[in-house]
Amino acid sequence: MTDATTIAIGSSIISLMSFAVSTSTMYFAWLRRGRLSMTNPALVFFGFDAVPKSTAKIFLRTLLYSTAAKGQVIESMYATLLRDGVEQTFSFWGYGETSNLTPGSGLYVGQAGVTVNHHFVLSVHQPAYEFVAGDYTIEVFARLVGKSAPIRLSQITVAVDSQHAAALQGQAGVLFELQPDSGFYIGHVNDRH
């Protein structure tokens, strides 16, 4: 093998490796859709909205993020609440900060993520929901633009005791805080509506 042949083979190998790296970079940076993910909410709140009528609500404070550089566009979100085999869908979604809440009509989520408050309220057409003592499982779903089926982002379990249930019967709220050491939620009565 001559020096010219060795150089030609070496150059070809380096060119192929360079092409492979460029193709991989293009895929991971621009073509890969990735997935939408959600951190465990730091806060979960059961309570009521007063407008247009007193309606049951679930409130979460969490980070949504995309695993791809391209990001994701959420068309809508909703939450289901399951207790003793009975499921209730909270279909009206709003997000933002406490004083600036936006009805959920789309949200872009990039790799850096979006941390906002998420409010899930029963539709005004739904019958009233009664929070009672027991274990509740909250599942949060998102429908992405261009996808026909929603994806489940999170499943959270909280326990409503008899004191919490009595407060909820009186239209007060219960705020559950995530305990970082155990991963469980501890609830306390909150007069916030």
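The values are calculated or read from the model by the stated rules, or taken from the named source; none is laboratory data. Since the structure is predicted, the reported quantities are computational estimates derived from the model, not experimental observations. When we count neighbours, we look across all protein chains shown, and the Cβ atoms used for this are built from the backbone with ideal geometry, even at glycine. Please note that ligands, DNA and RNA were not included when accessible areas were found on the heavy atoms of the full protein model with its side chains. Shrake-Rupley method; radii C 1.70, N 1.55, O 1.52, S 1.80 Å.
Observations on the structure shown:
- Answer residue from the range 113-132, given it is open to solvent by less than 40 Å² (accessible area, probe 1.4 Å) and either in contact with a His (Cβ under 6 Å, 6 or more places away or on another chain) or of a type in the set (S, T, N, Q) (or both) and is farthest from Leu63 (Cα to Cα) among those: Ser123
- Total residues in the range 149-165 satisfying the condition of being part of a helix (DSSP H, G or I) and surrounded by 13 or more Cβ atoms within 10 Å (Cβ to Cβ): the figure is 3.
- Residue check for Glu87: at pLDDT 90 or above, assigned to a strand (DSSP E or B), charged (D, E, K, R) and surrounded by 15 or more Cβ atoms within 10 Å (Cβ to Cβ): no
- Single residue of the range 171-184 satisfying the filter (open to solvent by 60 Å² or more (accessible area, probe 1.4 Å) and not polar (S, T, N, Q)) that is nearest to Tyr136 (Cα to Cα): Phe184
- Test for Val116: is it of a type in the set (A, V, I, L, M) and under 26 Å from Gly34 (Cα atoms): yes
- Residue count for the range 97-127, restricted to those that are modelled with pLDDT under 85, in a loop (DSSP other than H, G, I, E, B) and on the phi < 0 side of the Ramachandran plot: 9
- Residue match in the range 134-147 (condition: out of contact with any Lys or Arg (no Cβ under 9 Å at 6 or more places or on another chain), β-branched (Val, Ile, Thr) and open to solvent by 30 Å² or more (accessible area, probe 1.4 Å)): yes
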